[in-house]
1. In Å, the Kirkwood hydrodynamic radius of segment 6-53 over pairs of distinct alpha carbons?
2. Take the chain, connect every pair of alpha-carbon atoms lying under 10 Å apart with a spring to form a Gaussian network, then pick out the residue of I112, I220, I301 with the largest mean-square fluctuation.
3. Does segment 60-311 come out rounded, prolate or oblate, given a ≥ b ≥ c as the square roots of the eigenvalues of its C-alpha gyration tensor, rounded meaning a/c under 1.5 and, failing that, prolate meaning a/b above b/c?
4. Run down the lysines and flag those whose C-alpha is under 18 Å from the C-alpha of K59, throwing out any fewer than 8 positions away in its chain.
5. Return the Rg/Rh value of segment 146-233, two decimal places, where both radii are evaluated on C-alpha atoms and Rh is the Kirkwood radius.
6. Could you name the aspartates and glutamates in cross-link range of K116, using Cα to Cα under 13 Å and dropping any fewer than eight places away on the same chain?
7. Go ahead and set up a Gaussian network model of the chain, Cα springs under 10 Å, then flag whichever of G210, G99, G150 fluctuates most.
8. Can you tell which of V79, V196, V157 shows the greatest fluctuation in a Gaussian network model of the chain with Cα springs below 10 Å?
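FYI, it's all coordinate maths here, none of it is from the lab. As the structure is a prediction and not an experimental result, all values here were calculated from the model.
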Amino acid sequence: MENFLDFEKPIAELQSRIDELRETVADNDIDIDAEVGRLQAKSDRLLRETYAKLTPWQKTQVARHPDRPHFKDYVAALVDDFMPLGGDRAFADDQAIIGGLGTFRGRKVMVIGHEKGDDTASRLRHNFGMGKPEGYRKAIRLMKLADRFGLPVLTLVDTSGAFPGVQAEERGQAEAIARSTEACLELGVPMVAAVVGEGGSGGAVALATGNTVLMFEHAIYAVISPEGCASILWRTADKAAEAAEAMKVTAQDLMGLGVIDGIVPEPLGGAHRDAAAAIESLGQALWDALVAFDGMEPAAIRAARRAKFLGIGRG
């Protein structure tokens, strides 16, 4: 059964009618193809019209959809011979941030990203994609390893934010995020980052300070969640929709502001409706961004990345 979002209720009702028709005649010889075709065409048209005018808050809901592809799905489809590398060599192996070596379209790369999990057990194991200090320190270790061996770095960002627990603060969460961001800036190899779902706060920036930053069409990227912003400004999370509008969280807004470098199109109705097509689309965008740096010297790659981020906000 497809998981429909609140604003998709009219589409859900049409799909329900289609399913009921099919169940009603499952054991009969009644021809319902014409009626089903009419209803499906109406549903597809409504889906297209709805997704053509999503509000920032609706895009936030799409970005958080539990059926969107996750890090493990992208790696399984795009990276051959993936070898995960665990641990920060200081405290533990954080399963919210996963990374390792692999081959992307014939090229050796280091792939790092957030993993949210796709059921209760895996979400708990991966801490809902909220990285702890040891996760960011693992990312730093892997980025330095990639730099040493001249391997491009690909990162997939999908987190509501870094883990805010007391234990994380005790182990230096802010310092780990800052040093991870610094490690991104210091790389002498190309780094391409893609926000594939939620890009929340410093927890996202720590893996997204790349030469090229991409975003899926319905992903979001912000310094704080709309609910968090609303709670601060209006003292209630009920104003999250207004906050999302004001914060400019969408890929389209951020492209206009120069924060990101490219928007990756999603299948009609979002990546969760056709994961294979979404993954293929992202794979091509990552490849196009990566090959743009072929032949560049480490110093030039590093300088281009720094110039990109120093230039944000200068008009």
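1. Values: mean 1/r = 0.0871 Å⁻¹.
Value: 11.5 Å, from the Cα pair sum.
2. In this elastic network of the chain, the residue with the biggest mean-square fluctuation among I112, I220, I301 is I301.
3. Rounded.
4. Here the lysines satisfying the reach criterion relative to K59 are K9, K239, K248.
5. 1.01
6. Those aspartates and glutamates meeting the cut-off are D67, D73, D94, D158, E198.
7. Looking only at G210, G99, G150, the largest GNM fluctuation is found for G150.
8. V79
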